[in-house]
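Data block below; observations after.
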Amino acid sequence: MFPLKSTLVHTKAACALVLMGMLAQIGTPANAATVNHAADAEAPASTQFSAGHPFVGDDPVAIRDTLANQHIHVAPPSLRERVQSLIPIPTHKQRPNSDLAAANLDRDLFFLVRVPYGIRYRTETHQLTVSADLSGDENQRGILLQETTTGPSGRGLVIAPEARSKGFIQHIDTIELESGESKNSTVRGRVTLSRTAYAEANGDFAIVLVGRLVPPYLIDQSNHSDPTDDEPTDITRRISRLYVNVRAVWLVSPQRGIVLSKSLRLSK
């Protein structure tokens, strides 16, 4: 057996080596950032998001196509249900939809919306202010989730009568989120954020809208515009509206996988 004094010396030395290794790891830039993030940011409220990994929200195209292709809809409300909907009592719940559950859409959905503007940071107070309009443009009713344009525009290149023959044909696919009768589409709020955390974000901010589908779930429309002198392009638009009861609005740094705030709100 080793003497007791010798054993204590070896034990203390081993502890010192472990402690030095831990301090060395925290001293590196990556781990130092992790420590700062733990203090500056809130922990994600959903297991769908994992800190340190890029956020990937639900795909609005996949949800739209599932609802449309499987003809998932809600039966027209009865007279009693229409009367109950006018009474502001929180105990009235929507009827469960078995088709919605079978498609795994009877759950909280997470829609990630990039914020190109509307973020302001004051270094003296460490306050980050959010005031971002998510509606896209004046022709849209709800929050713009995704818009894809295929085909060339003939503006400045061709006159209206020649647009189709020269191939200036576009298809515009727009998916919007309808958040309710209030038509709120502006996200507002304030977040306390250290200078280090703000600098590390490097302008990488996004909004996450958390909510559940509500009747009528989806309204899908298409319209066509003939070429004109102002817009010499043959345009077909598909506008899909997802009806969602938004329960929470988050501010996130998507590439770093960090929730910066869960207390934002929708307003006009």
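Numbers for the structure displayed
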| quantity | calculated |
| --- | --- |
| Under 5 Å, built H, 5+ apart or other chain: amide partners of Ala248 | Val210 |
| Computed lengthening from Ser135 to Arg238, 0.36 nm per intervening residue step minus Cα-Cα distance | 35.4 nm |
| Under 5 Å, built H, 5+ apart or other chain: amide partners of Ser135 | Leu144 |
| Pairwise FRET efficiency - Ala199 versus Ile172, Cβ, R0 = 41 Å, nearest 0.05 | 0.65 |
| Alpha-carbon centroids, the range 108-132 and the range 178-237: separation in whole Å | 14 |
| Charge tally in the Cβ shell below 12 Å around Arg190, where Lys, Arg are +1 and Asp, Glu are -1, Arg190 excluded | +4 |
| Table column - 3J(HN,Hα) (Hz), the range 225-234, Karplus curve with 6.51, -1.76, 1.60, x for Gly and Pro | 10, 6, x, 10, 5, 6, 10, x, 9, 7 |
| Under 15 Å, Cβ to Cβ, from Arg120 - net charge with Lys/Arg +1 and Asp/Glu -1 | +2 |
| FRET efficiency for Lys183 and Thr148, using Cβ-Cβ distance with R0 set to 22 Å, rounded to 0.05 | 0.40 |
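Only the coordinates and a few stated rules stand behind these numbers; no lab work does. All of these numbers come straight from a predicted model, not from anything done at the bench. Neighbour counts are summed over all protein chains in view; Cβ atoms, including those assigned to glycine, are modelled from backbone coordinates with ideal geometry.
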